[in-house]
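Shown next, in structure tokens, is the structure this report addresses.
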Amino acid sequence: QSITNLNQRKQARQLENELDLKLVSFSKLCTSYSSSRDGRRSDTSDTTPLLNNSTQDRMFDTMSVEIEQLLAKLTAVNNKMAEYANTAGTTSHNAALMHTLQRHRDILQDYTNEFHKTKGNFLAIREREDLLGSVRKDIETYKSGSGVNNRRTELFLKEHDHLRNSDRLMDDTISIAMATKENMTSQRGMLKSIQSRVNTLANRFPTINNLIQRINLRKRRDSLILGSVIGICTILLLLYAFH
């Protein structure tokens, strides 16, 4: 059973590493999406592809499915570890097993929240792009149909420019947020490594304490022996001196 548990923990760590790499790539895809859409909006050609048919949209859908599958696999592995922890005959290791299981569950929860947050930001950007593209198309249709650059068309164009400027500001803010998230992900990995080392040292402390106690007992015994020898020698010297 212990071998089975080790295999499950190894499989969980592999899935967590795969998820971490996938989420980093997923975040970069969402960050680069807005800038590429900016370039497409500047193209006035009627042959510009639709947003939902773009390569990035297909990549987004593919990566979303892959990450969801990895999350499902990691959930299944965690459930198997939970079943093992509740199996009879493991009571002596139950605390350590539950601690390990909780740590894997926390990692799974963090990855799940990160995925849904990044996915939600991406969908919000895409919806905004669709809306702005529709407005732009309506303005262009109105301009070509009227044949004159009247006051209303100018107002529409100004409003569209304001929307584009606001959109770019939001894109910059999202890019900064994504970069901050990547930095926090890296720091989280470092903190996990430090926590693992601290747990290892904590598990070794009982052995170190026992060793120190044995050394102290031996030093105390040696001190007693040495004191006894010195006392006996002193008494013998005094007896010899007075006789």
For the range 16-33, check the following and say yes or no: at least one residue is at pLDDT 90 or above and surrounded by fewer than 12 Cβ atoms within 10 Å (Cβ to Cβ). yes
Given Glu114, Glu83, Glu127, which one is surrounded by fewer than 16 Cβ atoms within 10 Å (Cβ to Cβ) and within 23 Å of Phe26 (Cα to Cα)? Glu127
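The values are calculated or read from the model by the stated rules, or taken from the named source; none is laboratory data. If you're wondering where the values come from, they're calculated on a predicted model, not measured in any experiment. Reconstructed Cβ throughout: ideal geometry from the backbone, glycine too, with neighbour counts over all protein chains shown.
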